[in-house]
Amino acid sequence: MLIGVLGVAAALAAGHLVAAFIDPNASPFLAVGNAAIDLTPSWLKEFAVSSFGTADKLVLLTGMAVFLLVVAGVAGLLSRRNPIPGAALAVVLGGAAIVAVFSRSDLGQLATLAPLASLVAGVMTFRRLHAAALRVQAAGNAPDSVDSLGHDRRTFLLGSVGVAAGAGVAGLAGQLIGTRVDVEGSRAMVTQRLARYRDQATAPGADFAQDGTPTYLTSNDNFYRIDTALSVPRLRAEDWSLRIHGLVDRELTLTFDDVMDMDLITRTVTMTCVSDEVGGPYISTAPFTGVLLRDLLAKAGVKPGADQVFSTSVDGYTAGSPLEVIMDKGSNAMLAVGMNGEALPPEHGFPVRLVVPGLYGYVSATKWVTDIELTTFAAKTQYWVPRGYSAKAPIKTESRIDSPRGQSSVPAGKVTVAGIAWAQTKGIAKVELQMDGGQWQEADLATQPTKEAWRMWRHSFDVRPGTHTVVVRATDATGYTQTADLADPVPDGATGLHSVVFTAA
Ligand SMILES: Nc1nc2c(c(=O)[nH]1)N[C@H]1C(S)=C(S)[C@@H](COP(=O)(O)O)O[C@H]1N2
Ligand SMILES: [Mo]
């Protein structure tokens, strides 16, 4: 069992070290994890998100590690007499990693060297330790070879310790080399250049945080995060460029400086994830700084016939947004470089991402964006569409109760119910509450600095001791009241009314 585990450790470490010189994502463990994410059917992904939230990646990695430990141990046991099962396992795992690396559009062919190194290191380590162990066994069975037994034992022990130490050093070296790109230095520089956009007028009266709503603006630390990346892409602003091509008059390639030299705007936008269940947490608001996409696309000149703005991230993720949404005169769809007056945090797309008000993130908000192609919905299919989601996904008019919390207990008497409502880019016109099946009552609305962001609300009730149920519904500025019909997040966003059960005592 020990030899099996050591073989796998040596394999993973060798691959990790080689990947560090080519592309950190070619590291076999990560490549297989990323491929597993790409292969996950949407029902399983929804299950993972609803059971583990954003810890789903940790769960995946831990599951993979436990799986590897178990199969390595079992292969070791099966190799008591003959090294074939252990060597075969190294070949199968190495082969799986090679397939995984091949399946990733963001990894070049050279990246195959990393899993290949794993395969070779795994097979060789296992065979040599296995041979040494067999010698110990043979010497133990021969009664008058005490000297040779001691010698063979030492060789085996030293070999095992050497492999463990070597795997540790190689893995650590791979980690250090793979993360040598100075993202934090690059970020600090960009943050400095964005200093004059830091003065965000915090909209007074735009939240009821004292009554339990979120603050109107979400800090970068508290902003929800959703993506398919197991390791956050490490890109420096200095190394970034964006290609705009396809159905355009002039193909453009922009550097980060080119973007900073354009007219930068700052707009507060509420982003929402299609995976957010009724009452869920995947919604946040921040002022984003960047350039208007319609200005950028006008520079390139969009040819007639294009209807999709197809964006690709450095990690191979893709999203497609309707051209008409982005080119709309009032649209603040942007190529963003700043968030809350700083450079984008790495996990939110540093150095550059897209933000399109009014569309769910998966069809619009590509992080670490490096390529924009003007094309048609008929010609190109974005990441989530073969996985069961719609190609077009405007954000639905929805609302959520933040206070009181479900199952909580509050003093009887005056109870203030408070929460959020959103209908980017239409705006919220009315929010109503229903207590214990009674009449719908209109809530107070906070100010609405922009229709591209959420709107906070609150309403007080006089409640008697006992258990109560409160339900919320929002009406947007077009006069549409959110539907009470229940729908799952798949294929284009959940619907239904959020309700909260609480006890007054
Ligand atoms: N490169 C990349 N960009 C991405 C994604 C991704 O998986 N990879 N996920 C999208 C989804 S589903 C959402 S909801 C938003 C979330 O952005 P945030 O993590 O900054 O909140 O990013 C979008 N952009
Ligand atoms: Mo999302």
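Structure notes:
- When we screen Ala418, Ala453, Ala423 for residues that are away from ligand 1 (no atom under 16 Å from the Cβ), closer than 22 Å to Asp207 by Cα, within 24 Å of the chain's Cα centre (by Cα) and open to solvent by less than 10 Å² (accessible area, probe 1.4 Å), the only hit is Ala423.
- Which numbered condition Leu297 fails, given (1) under 27 Å from Tyr216 (Cβ atoms); (2) surrounded by 19 or more Cβ atoms within 10 Å (Cβ to Cβ): (1)
- Filter result for Val259 (within 16 Å of ligand 1 (Cβ to nearest atom) and either open to solvent by less than 60 Å² (accessible area, probe 1.4 Å) or under 25 Å from the mean Cα position of the chain (by Cα) (or both)): no
- Scanning region 322-348 for residues that are within 19 Å of Ala453 (Cβ to Cβ) and part of a loop (DSSP other than H, G, I, E, B), we see that the one that is most open to solvent (accessible area, probe 1.4 Å) is Asp328.
- Scanning region 173-226 for residues being under 26 Å from Asp56 (Cα atoms), surrounded by fewer than 16 Cβ atoms within 10 Å (Cβ to Cβ) and aliphatic (A, V, I, L, M) gives a total of 1.
- Only one entry of Val291, Val314, Val278 meets the criterion of being touching a Leu at 6+ places or on another chain (Cβ under 8 Å), more than 29 Å from Arg198 (Cβ to Cβ) and hydrophobic (A, V, I, L, M, F, W, C), and that entry is Val278.
- Single condition Ala75 does not satisfy, out of (1) open to solvent by 50 Å² or more (accessible area, probe 1.4 Å); (2) in contact with a Gly (Cβ under 6 Å, 6 or more places away or on another chain); (3) among the small types (Gly, Ala, Ser): (1)
- Number of residues in region 300-331 that are over 29 Å from Asn220 (Cα atoms) and among the polar types (S, T, N, Q): the value is 1.
- Residue within region 196-215 that is part of a helix (DSSP H, G or I), more than 26 Å from Gln448 (Cβ to Cβ), more than 23 Å from the chain's Cα centre (by Cα) and more than 16 Å from ligand 1 (Cβ to nearest atom) present: yes
- Looking only at region 39-61, residues that are over 14 Å from Ser231 (Cα atoms) and not β-branched (Val, Ile, Thr) come to 13 in all.
- Annotation: of all residues in region 349-389 being polar (S, T, N, Q) and open to solvent by less than 30 Å² (accessible area, probe 1.4 Å), the one that is farthest from ligand 1 (Cβ to nearest atom) is Thr375.
- For Arg250: the one exception among (1) surrounded by 14 or more Cβ atoms within 10 Å (Cβ to Cβ); (2) out of contact with any strand residue (DSSP E or B) (no Cβ under 6 Å at 6 or more places or on another chain); (3) at pLDDT 95 or above: (1)
- Which listed residue, of Gly316, Gly290, is within 16 Å of ligand 1 (Cβ to nearest atom), more than 21 Å from Ile395 (Cα to Cα) and buried (at least 24 other Cβ atoms within 10 Å of the Cβ): Gly290
- Close pairs from region 157-168: first within 11 Å of Leu129 (Cβ to Cβ), partner modelled with pLDDT of 95 or more and polar (S, T, N, Q), Cβ under 7 Å, at least 6 apart: Val163/Thr125
- Checked against (1) farther than 22 Å from Ile84 by Cβ; (2) open to solvent by less than 30 Å² (accessible area, probe 1.4 Å); (3) in contact with a Gly (Cβ under 9 Å, 6 or more places away or on another chain), Gly122 passes all but a single condition, namely (1).
- Listed by first and then second residue, the pairs linking a residue in region 369-393 that is at positive phi to a residue that is within 16 Å of ligand 2 (Cβ to nearest atom) and open to solvent by 30 Å² or more (accessible area, probe 1.4 Å), with Cβ atoms under 7 Å apart and 6 or more places separating them unless they lie on different chains, are Gly388/Val490; Gly388/Pro491.
- The criterion of being part of a helix (DSSP H, G or I) and either outside the structural domain of Gly86 (by TED's automatic domain parsing) or surrounded by fewer than 16 Cβ atoms within 10 Å (Cβ to Cβ) (or both) holds for Gly140.
- Enumerated strands (runs of 3 or more DSSP E) restricted to region 397-460, each holding at least 3 residues that are over 23 Å from Val274 (Cβ atoms) and modelled with pLDDT of 95 or more: 413-422, 428-435, 440-442
- Within region 290-316, the set of residues being touching a Gly at 6+ places or on another chain (Cβ under 8 Å) and more than 23 Å from Tyr362 (Cβ to Cβ) is empty.
The values are calculated or read from the model by the stated rules, or taken from the named source; none is laboratory data. None of the values given here were measured: they were computed from a predicted structure. FYI the Cβ positions are ideal-geometry reconstructions off the backbone, even for glycines, and counts take in every protein chain you see. Note: accessible area is taken over every heavy atom of the protein model, side chains too, but ligands, DNA and RNA are not part of it. Shrake-Rupley method; radii C 1.70, N 1.55, O 1.52, S 1.80 Å.
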